[in-house]
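Accompanying notes for the structure given below.
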Amino acid sequence: MKFAQITLALPLNQFFDYSIPSDIKNIAIGSRVVIDFANRKLIGFVVGLKDNSKIIKIKPIIKLLDKTPLLSAELLIFTKLLAEYYHTSWGQMIESAIPKPLRNAKSIDIDINTSLKQPRNNNKKNSEIFAILGSDDFRFNFYCEKIKESLKNNEQILIVTPNINSINKIKMKLTEYFGIEPCALTRYQKTKESVNNWISIKNSNTKIIIGTMSTIFAPCDNLGLIIIDDEDNSAYKQERAPFYHVRNAAIIRSKINKCTLIFGSECLSIETFYLTKISKAKLIEEKTNRNIHVNIIDMNKEFYRTKKGEFLSSRLESEINSLITKGDTIGIFLNRRGFATTLKCKKCNFILKCPRCDINLVYDFKSKFAYCRICRHKVEPPKICPHCQASNLSYLGLGIEKLASYLYRVFPQANKKIDILEQKTIKENTTLKNTAIVLGDILLNMPDCNASEKTFSLFYRLFNLTINNFYIQTYLPHHYIWQAIKKNDPFIYYEKELGLRKELKFPPFWHFIQIVLRGKNSDNIKEKSFDLFKIIETKIPKDLILYPPQPAHPAKIRGNFRWQILLKTKNILKTNKFLTSNLKNLRFSNIILTINVDP
């Protein structure tokens, strides 16, 4: 009798042996099967075959779903390495790698016609990594040169973008340039289209594949090039288990497939820039000569104005007035949605919060509702305080709607000379004559080790859209972010940031691992967090840094309270083995525990 080793899309880091019935023929590693697991019919993935099993009472496989293996050997290796790095089960990572229609127990004919495959290039060199720093056009031209090389070698090309709009934009340009329409992979595709695309890619009938983050798993059996565009985009980090990052996944896959990897962006991530510093990636930078006048406005000298509810410094107000008098235009940027960020009672200091999440509700003037920016819960603001029954809540904090109202009141003569900008509109603009940032320090004040990187990335992009004048209102006028922008030299930022991160033992020199416990009972979550901390603390190796439990940020999401324990390590794989060994028998009732590597 033959036996199969099965992995499941469950948070279980182990394999399960099942016998192969005599009527199931041609079962192979990489195939999907239906099995009985804990009295449930589940999809399993075959990751091994053997002649013997130590299990006495062994269950048989119920059904083989694939005529030919769904997953290639390379894709299995890729998902296994990725699962080991991100401390998740192999089965969960495999499930992330296949289209949704193939994740259920229905038998779908995925006839893989191997006779249609082009001959593989077996003379590949080791993978080569490029970091392209420059505008959309500069990056696209470089991408096309490398795509040409891969097409000549009958190789497949993966292009990963952060969102649907980017897919459409790049797809149109590639179709025009090569006369080949790329295959687009998105989560909005219907079952038949999704499966047909998968089969076409696996058969090597499709040469250029483009899509969002899960495209990194596309079943290319002759992969020659991977392109990650806008590689610093935060959308590339998966927000729920398995918590993989596309950047790291691309590096792992390029090594397995020995293919070229390109990271491109208008503002490279600190991790990618670090790769160029240690000679693991080749930096190619667009050289530009731009004569933009950058004005850094010290808001510490304008404190008296902000106390009176005036959001612009006297200098910026004067500059805007001068520009619109001359008939010029200016874009005013604020990275805050809505009208007011806090609704507060003047008498008892009660603050209107989301009942499901531990954050203030944001008031939206257009809809007249206060909403939660996490779960989208919304309510009509009360006319009296729910706590003390006093009338009139104060609408505090500056949102983009309040800023717009203020600007139109101060500059009634503007007549569409002032554009109100927010983050989602940056990519929609091609150029801005003049730009002003109102609250430049918002992101810098966030409890996030990547706060400075997010701030620089956002404002450097705005700077690159600007032609004439760039104004920054800040309480930190000498910050290296503003100096890098003022001198149009991103390397001022990169070098300073890397130096600080090395000193603080931050990524990319060290890695954070976040253990989060969440559940409905706040006291229980807190208690179990400290119990877990004690378990880890008593056995922790010397090369690990452990931080005590504290409420996660935010401390409550969608009705679940959250506490976190942070670890800092230089060696992810070694730390993951330590965690697996010490947490494998841990059981908490009514609590969900997740581990997020590189949060």
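The values are calculated or read from the model by the stated rules, or taken from the named source; none is laboratory data. If you're wondering where the values come from, they're calculated on a predicted model, not measured in any experiment. Cβ sites come from the backbone with ideal geometry, for glycine too, and all protein chains shown count toward neighbours. Areas reflect the complete protein model, heavy atoms only, side chains present, ligands, DNA and RNA absent. Shrake-Rupley method; radii C 1.70, N 1.55, O 1.52, S 1.80 Å.
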Between E310 and C348, what is 0.36 nm times their sequence separation minus the Cα-Cα distance? Round to one decimal in nm. 11.1 nm
Fully extended contour minus Cα-Cα distance, from R409 to M172, at 0.36 nm per residue: 81.1 nm
In debye, nearest 20: dipole of the stretch 348-455 around its Cα centre with unit charges on the Cβ of K, R (+) and D, E (-)? 400 debye
Inter-part gap, Cα centre of the stretch 188-219 to Cα centre of the stretch 264-281, in whole angstrom, is 28 Å
Which value results when the Cα radius of gyration for the stretch 9-106 is divided by 2.2 N^0.38 Å? 1.04
0 to 90° range, to nearest 10: angle between helix 490-504 axis and the chain longest Cα axis: 70 degrees
To the nearest 0.05, the calculated FRET efficiency linking K584 and E145 through their beta-carbon distance, R0 being 30 Å, is 0.05
Along the dipole axis of the chain (charges at Cβ: +1 for Lys and Arg, -1 for Asp and Glu; origin at the Cα centre), the most positive-end residue among I374, P162, I55 is I55
Of K280/K454; K347/K454; K344/K556; K41/K353; K280/K433, which pairs sit farther than 31 Å apart, going by alpha carbon to alpha carbon? K347/K454; K41/K353; K280/K433
Accessible area per residue for the chain in Å², computed with a 1.4 Å probe and the full protein assembly in place, what is it? 50 Å²
Could you compute Rg(Cα) / (2.2 N^0.38 Å) for the chain, with N its residue count? 1.08
Dipole of the stretch 487-573, positive end: most advanced residue of L504, F561, N571 [Cβ charges, Cα centre]: F561
Write down the Å³ per residue value for the convex hull defined by the alpha carbon atoms of the stretch 528-599. 93 Å³
Expressed as a rounded percentage, what relative contact order does the chain have, with Cα pairs under 8 Å and six or more residues apart? 11 percent
Shape box of the stretch 371-497 [Cα atoms, principal axes, largest first, Å]: 55, 41, 26
Note to self: C-alpha centroids of the stretch 518-535 and the stretch 30-109 sit apart, in Å, by 33 Å
In Å, the C-alpha Rg and Dmax of the stretch 245-346 are 22.5, 64
Return, for the Cα atoms of the stretch 459-599, the radius of gyration and Dmax in Å, separated by a comma. 20.2, 62
So which aspartates and glutamates pass the test for K326, namely a Cα distance under 19 Å, with those fewer than 8 places away in the same chain ruled out? E317, D419
Solvent exposure ordering (accessible area, 1.4 Å, most first) of D419, D230: D419, D230
Size of charge dipole - the chain - debye, nearest 20, with Cβ of Lys, Arg +1 and Asp, Glu -1, no other charges: 1520 debye
For K574, counting only lysines whose alpha-carbon sits under 19 Å away and dropping same-chain residues fewer than eight positions off, the answer is K80, K505, K539, K542, K584
In degrees between 0 and 90, to the nearest 10, how far off the longest principal axis of the chain does helix 572-583 point, with axes built from Cα atoms? 70 degrees
How many angstrom lie between the C-alpha centres of the stretch 403-442 and the stretch 309-372? 13 Å
Given charges at Cβ of Lys, Arg, Asp, Glu: the chain dipole, positive-most of N126, I525, V294: I525
Considering only DSSP beta bridges with both partners in the chain, what is the antiparallel share in %, to the nearest 5? 55 percent
